[in-house]
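Each value in this text was obtained by applying a stated rule to the coordinates, not by laboratory testing. Computed from a predicted model, the values in this text were never measured in an experiment. Glycine gets a Cβ as well: all are built from the backbone with ideal geometry, and neighbour counts include every protein chain shown.
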Amino acid sequence: MITKTNPMNATTTSPQIINPTSYPRTHPMTVALRRVAYYWPDAHAKILSMPWEWSDKHPYGATDGDRLFFNRTGLNRLAARDAGPGLIAFLLVHEALHVLLRHRQRFAHLRWKRTLNEAADYVVNAMIVRRNRELKREIFPPIDGIYLDESFSGHKSVEQIYRELILAKLAERQKASQSKPVRLLLRSRRRNRHVRSGHACPASRNLSGVSSGGIASSGGHGAGALGAFGACQPP
Ligand SMILES: [Zn+2]
């Protein structure tokens, strides 16, 4: 006989395995799982085929493509809300989509992982919101503070968003450096004088493209341009 206890109240130290089917029947996690099974069966099958572990490295959840990680405090916070089951269902589908779309494997070659995560999140969050619209109900209410802006992400690919985010961040960085006091600029120019005739930072070439063509035109940059500015500071 399986005793139904609440894994969120366990006190042992992490990392530890979560049994997603061990929650009480009315617990927000169980309700969320039922909701995902009904409205997004592929996501449900995927998450139940993977091991789940507690981890406090992320505010709510994460995946490495093979395992799912959940933050106990984050899940408890979602579960305590009125929309708890829906919010947890959103989180479960979000992680499932990263796995189903093979984000880790497909984008292993992209260098700036934090920006890549951001770009992938824009895509999966927009997919979930579109699904809500198809269902004509907010079955999966978005969690506060996520990367969600359909007017920006549109129907772009993860790579396209990644390139645009990097170009925007580099443009911001250049703007910030231009507004530094003259004294600081002079000092950095002196320090860099010895490399000027050698290897110039390729980012400066791409940034000139940003100012003339605008960030929206970055879809025209090929993989070569992406690789070139990877040689500079991480965005
Ligand atoms: Zn994500």
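Across the options A37, H103, F90, the greatest Cα extent toward the positive end of the charge dipole of segment 7-153 (unit charges at beta carbon of Lys, Arg, Asp, Glu) belongs to A37. Pairs exceeding 20 Å between alpha-carbon atoms, taken from K113/K175; K57/K169; K113/K169: K113/K175; K57/K169.
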